[in-house]
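Below is one structure; the comments refer to it alone.
The values are calculated or read from the model by the stated rules, or taken from the named source; none is laboratory data. Please read these numbers as outputs of a predicted model, since none were measured by experiment. Here Cβ is always computed from backbone atoms with ideal geometry, including for glycine, and neighbour counts include all displayed protein chains. Accessible surface areas use protein heavy atoms only, side chains included; no ligands, DNA or RNA. Shrake-Rupley method; radii C 1.70, N 1.55, O 1.52, S 1.80 Å.
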Amino acid sequence: MNAVQARQVDATLRRLGIPGVVAPKDPENAAGAWRVYDGADPAIRKDITADVLAAFVAKFREANPEPPGKSQASPTRGFIIPPEGN
């Protein structure tokens, strides 16, 4: 992710209460790739991007455990067979 996407990810994590620090992979190159870490110190931080992604998905599964289904409001095809005698 780039710096713009990183700001969006950071804001979303804060709203959802998911811990993590969004920072550039290379602290000297803010224009490069960004990741999610367990802390801000580049010397001791651990990349937790995959764990954060899993937590993000889990939050949405809690809100709606069923995958989106086919809309029942859409028309369906079929035939109407009138009763005999009409």
accessible surface per residue for region 1-57, probe 1.4 Å, DNA/RNA/ligands not counted, whole Å² -> 66
Quick calc: nm separation of the 7 Å Cα→Cβ label points for Lys59 and Lys25 -> 2.4
When only C-alpha pairs under 8 Å and at least 6 residues apart count, what is the relative contact order of region 3-63, in percent? 27
Quick check: at a probe of 1.4 Å, how many percent of the accessible area of region 3-63 sits on carbon and sulfur atoms? 57
Taking only Cα atoms of region 3-63, radius of gyration then Dmax in Å: 11.8, 39
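Fully extended, how many nm does the chain gain between Asp38 and Arg15 (0.36 nm per residue separation, minus their Cα-Cα distance)? If you can, show how the numbers build up before the last one.
Working: separation 23, 0.36 × 23 = 8.28 nm, distance 1.72 nm.
Gain in length upon complete extension: 6.6 nm.
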